[in-house]
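Have a look at the structure below, then the notes.
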Amino acid sequence: MIEPERRRTPRIKKGFLIKYRCPAHGTPGWEMSPLTDFSPGGARFLIEEDFPVGAALELQMVLPMSESDVLLRGRLAWKRDRGRSTLREIGVEFTDVSPEVQQQLVHAASFFAKAQDA
């Protein structure tokens, strides 16, 4: 049975890079992962750490159309183990997004959604 879509905005399947850390759980330095997908409201990517659902994350997205990394805060919304691998797939909901950063995310998502549909 397929679960109904709960996202407010569609996800864009693009392999941008994302840097993340969870200072409250002992990761002071930045780790890096390729994005599986993203939207203006969140992102999905792989990590090795086992942060709890609800953990606050600091994020830096590298969008090709931005002059610098996009700085974000997020909350780990869900996680899923990847079988025998040490990697976990996680979904992060962006929180406290400034209007400027939100506009960058919307612009990137809109641009790549058009390319994805073409």
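The values are calculated or read from the model by the stated rules, or taken from the named source; none is laboratory data. Only a predicted model underlies this, so the values are computations on that prediction, with no experimental measurement involved. For neighbour counting, all protein chains shown are included, and Cβ atoms are generated from backbone atoms with ideal geometry for every residue, glycine included.
Close contacts from segment 107-118, counting a first residue that is closer than 13 Å to Phe38 by Cβ and a second that is among the β-branched types (Val, Ile, Thr) and modelled with pLDDT under 75, with Cβ to Cβ under 6 Å and a gap of 6+ residues or different chains, come to Ala109/Ile12; Phe112/Ile12; Ala113/Ile12. Can you name every residue in segment 21-57 that is part of a strand (DSSP E or B), of a type in the set (Gly, Ala, Ser) and without any contact (Cβ under 8 Å) to a residue 40 or more places away in the chain? Hits for segment 21-57 are Ser33, Ala56.
Val101 meets the conditions (1) surrounded by 13 or more Cβ atoms within 10 Å (Cβ to Cβ); (2) touching a Leu at 6+ places or on another chain (Cβ under 8 Å); (3) free of Cβ contacts under 8 Å to residues at least 40 places away in the same chain; (4) closer than 14 Å to Ile12 by Cα in every case but one. The failed one is (4).
Going by the conditions given, is Asp96 in contact with a strand residue (DSSP E or B) (Cβ under 7 Å, 6 or more places away or on another chain) and under 17 Å from Arg21 (Cβ atoms)? Quick ask: steps written out before the conclusion?
Numbers: in contact with a strand residue (DSSP E or B) (Cβ under 7 Å, 6 or more places away or on another chain): yes; under 17 Å from Arg21 (Cβ atoms): yes.
Answer is yes for this residue.
Being loosely packed, with under 15 Cβ neighbours inside 10 Å, basic (Lys, Arg) and touching a strand residue (DSSP E or B) at 6+ places or on another chain (Cβ under 7 Å) is the filter here; which residues of segment 74-93 pass it? Arg80, Arg82, listed by residue number. Scanning segment 58-117 for residues that are assigned to a strand (DSSP E or B), more than 17 Å from Glu31 (Cα to Cα) and of a type in the set (A, V, I, L, M) yields a count of 1. When the residues of segment 23-57 are filtered to those that are farther than 19 Å from Lys13 by Cβ and in contact with a helix residue (DSSP H, G or I) (Cβ under 7 Å, 6 or more places away or on another chain), the one that is surrounded by the most Cβ atoms within 10 Å (Cβ to Cβ) is Phe51.
When Ser98, Ser39, Ser33 are checked against the criterion of being of a type in the set (Gly, Ala, Ser) and touching a Ser or Thr at 6+ places or on another chain (Cβ under 6 Å), a single residue qualifies: Ser39.
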